[in-house]
Amino acid sequence: MAMEHGMIEPFEPNQVKHAPDGHKIVSYGTSSYGYDIRCSDEFKLFTNINSAIVDPKNFDSNSFIDVKSNVCLIPPNSFALARTVEYFRIPRNVLTICLGKSTYARCGIIVNVTPFEPEWEGFVTLEFSNTTPLPAKIYANEGVAQVIFFESDEICETSYKDRGGKYQGQHGVTLPKI
């Protein structure tokens, strides 16, 4: 289905566990009943440098610093945003949920991603929470979460595209909007 509908680009039909140079990585690609997505090298790292208030209705972009790197170090009890390597196009009869990979979860790193609704498309914004008292490392271009797809036998009445969803077609790491 993913290749027929161009749902995931780039699409990896196998599970990749090694980098081209042969070293082990956190796996990505097709899994048993889902798809393991990768994190790009674009991060927005939360900072309290400007003493901003986190307000979802009036979000201050000064709460983040931009980082472009193969690794992102998240300070203790903090978080970062990133985006996927993959671009998604969700069909009208599909809904997804996304859960963090166990490799990160077992390190106290929580990956939070909201559902991809029918007819949503774009790069996925990923949220990484470091729940530990130590710095945490996120690796770009490696697996970070698994997307699970639910296909309905009926087409939804109103899709994300029909509603003119505010995160439709997002590129880059997208901050909260209202």
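Anything in segment 134-147 that is assigned to a strand (DSSP E or B) and either basic (Lys, Arg) or surrounded by 20 or more Cβ atoms within 10 Å (Cβ to Cβ) (or both)? List them, or say none.
Ala136, Lys137, Ile138, Gly143, Val144, Ala145, Gln146, Val147
Let's see how each residue does on (1) within 23 Å of Val16 (Cβ to Cβ); (2) out of contact with any His (no Cβ under 6 Å at 6 or more places or on another chain); (3) not in a strand (DSSP E or B):
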{"residue": "Pro91", "(1), (2), (3)": "no, no, yes"}
{"residue": "Thr114", "(1), (2), (3)": "no, yes, no"}
{"residue": "Thr132", "(1), (2), (3)": "no, yes, yes"}
{"residue": "Phe149", "(1), (2), (3)": "yes, yes, no"}
{"residue": "Glu157", "(1), (2), (3)": "no, yes, yes"}
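Please identify the pairs in which a residue from segment 3-21 that is modelled with pLDDT of 95 or more and assigned to a loop (DSSP other than H, G, I, E, B) has its Cβ atom under 6 Å from the Cβ atom of a residue that is surrounded by 10 or more Cβ atoms within 10 Å (Cβ to Cβ) and not polar (S, T, N, Q), counting only partners at least 6 apart or on another chain.
Met7/Arg89; Phe11/Ala2; Glu12/Gly29; Asn14/Gly29
So the check is Cβ under 9 Å with 6+ separation or different chains; which pairs have a first residue in segment 97-112 that's on the phi < 0 side of the Ramachandran plot and a second one that's assigned to a loop (DSSP other than H, G, I, E, B) and surrounded by fewer than 20 Cβ atoms within 10 Å (Cβ to Cβ)?
Taking only residues 6 or more apart or on different chains, the pairs are Cys107/Thr132; Ile109/Thr131; Ile109/Thr132; Ile110/Thr131.
Cβ-Cβ below 8 Å, separation at least six or inter-chain, first residue in segment 56-68 and free of Cβ contacts under 8 Å to residues at least 60 places away in the same chain and aliphatic (A, V, I, L, M), second outside any strand (DSSP E or B) and loosely packed, with under 13 Cβ neighbours inside 10 Å: which pairs?
Note: pairs meeting the criteria are Ile65/Ile49.
Show the residue pairs that are 6+ apart or on different chains and have beta-carbon atoms under 8 Å apart, the first residue being within segment 143-161 and closer than 24 Å to Ser27 by Cα, the second being of a type in the set (S, T, N, Q) and crowded, with 17+ Cβ neighbours inside 10 Å.
Within 8 Å, the pairs are Gly143/Ser27; Val147/Thr96; Ile148/Thr96; Phe149/Thr96; Phe150/Thr96.
The values are calculated or read from the model by the stated rules, or taken from the named source; none is laboratory data. The structure displayed is predicted, hence computed values, not measured ones. Don't worry about glycine lacking a Cβ; one is built from the backbone with ideal geometry, like all the others, and counts go over all protein chains shown.
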